[in-house]
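Here the structure comes first, spelled out in structure tokens, and everything after it is commentary.
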Amino acid sequence: MIDQIIHKDLESIKCTVKSDAFAGKKVLVTGGAGFIGSWICDLLVDFGAHVTVVDDLSTGRIKNIDHLLTSQARIKFVQADVCTFKTDEKLDFILHMAGHASPDEYQTHPIETLQTSAIGTFIMAELARKNDATLLFSSTSETYGDTEVIPTPETYWGKVNPIGPRSCYDEGKRFAEALLMAYVKQYDLDVRIPRIFNSYGPRLREDGLYGRALSRFILQALTNQPITVYGDGKQTRSFCYVSDTVTSLMLLATNQKAKGKVVNIGNTKEITILELAEEIKEITKTNSTIEFYPLPKDDPKRRCPDITKLRQTTGWEPSINLQNGLAKTIKWFTNNFIGV
């Protein structure tokens, strides 16, 4: 599934990320049929890499990469659980993107979520060690929990409820980070750990009762349904457009300064959820009203990254503002979901 919106964004990424590092390389992408993973696969194929996608399709969608598979490009798809995946193939890069990123999903599948972060990451670390490959692990701003420091730097240790409803995701990712840093210390493994803040854009899944607020708001607005805000809407997030997120990931994967580092990825513009709903109402010109529902337990009050380390490491920072990113995303959702 690719269209002009995605194609233009991919071309803009290619203006910043050089293809040399991936040309002819063998790259494993876990979660490659997912939202961010599929964008990475598009780029890698364009860059001349030989790509293996591992995805059990529990959250990913094959339609995100079907245009690559049908084109007989240098890509193969393996439907498998990352926790049981095995290969004897020589690998140069492993981009470990698999996981249940939405609260609706990981709270429904807490054991699988923990296993992906723990067992899956161990398997990827062993593959990277045996192949002397670069391993990029997609961590999350959720490792900070209900942060008390805004903007949040990588040096903040976090405030996480270890047995709360979000712990399967939060603590799973924290364990994976600890495991990978142990591999760095013990084996000098080439590990890069981006902590990804809220990302959005084309291919973001449209379903979810609480998670994926942005895509839910867009579909509700486009269909003139009530926009459902949880809590009073004063909780904040910082939304990063997908092309900026993916550019950051690719730069970290290829920059030697990123070796062994944990780096925040995100947009520094903080916005309340209620302001987001109102912004989407304005852009879509919808007749939707805004309805309020109880806030789920342990929902973080604020999210905003300090991206100083990203700037220092890559010399780059996200540039797509929320208004432009929303306009593209709304157009994509209109083209793909309205009237279908």
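The values are calculated or read from the model by the stated rules, or taken from the named source; none is laboratory data. Note that this is a predicted model, so its numbers are computed, not measured. Cβ coordinates were reconstructed from backbone atoms using ideal geometry, including for glycine residues, and neighbour counts include every protein chain displayed.
The figures follow:
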quantity: Of residues in region 126-167 being assigned to a loop (DSSP other than H, G, I, E, B) and under 19 Å from the mean Cα position of the chain (by Cα), the one modelled with the lowest pLDDT; calculated: 166
quantity: From the options 203, 192, residue that is more than 19 Å from residue 119 (Cβ to Cβ), in contact with a Lys or Arg (Cβ under 7 Å, 6 or more places away or on another chain) and in contact (Cβ under 8 Å) with a residue 60 or more places away in the chain; calculated: 192
quantity: Residue match in region 300-322 (condition: under 30 Å from residue 162 (Cβ atoms), of a type in the set (A, V, I, L, M) and in contact with a strand residue (DSSP E or B) (Cβ under 7 Å, 6 or more places away or on another chain)); calculated: yes
quantity: Positions within region 102-121 being small (Gly, Ala, Ser) and under 24 Å from residue 182 (Cβ atoms), in sequence order; calculated: 117, 118, 120
quantity: Helices (runs of 4 or more DSSP H) lying entirely in region 1-78 (those with 1 or more residues that are touching a Pro at 6+ places or on another chain (Cβ under 7 Å) and touching a residue at least 24 places away in the same chain (Cβ under 8 Å)); calculated: 4-14
quantity: Failed condition for residue 165, given (1) free of Cβ contacts under 8 Å to residues at least 40 places away in the same chain; (2) surrounded by fewer than 20 Cβ atoms within 10 Å (Cβ to Cβ); calculated: (1)
quantity: So residue 188, is it of a type in the set (D, E, K, R), farther than 28 Å from residue 64 by Cβ and out of contact with any strand residue (DSSP E or B) (no Cβ under 9 Å at 6 or more places or on another chain); calculated: yes
quantity: Extreme residue, farthest from residue 173 (Cα to Cα), among residues of region 68-122 that are buried (at least 21 other Cβ atoms within 10 Å of the Cβ) and among the β-branched types (Val, Ile, Thr); calculated: 75
quantity: Residue match in region 168-176 (condition: surrounded by 20 or more Cβ atoms within 10 Å (Cβ to Cβ) and not in a helix (DSSP H, G or I)); calculated: no
quantity: Of all residues in region 272-321 being part of a loop (DSSP other than H, G, I, E, B) and of a type in the set (A, V, I, L, M), the one that is surrounded by the most Cβ atoms within 10 Å (Cβ to Cβ); calculated: 307
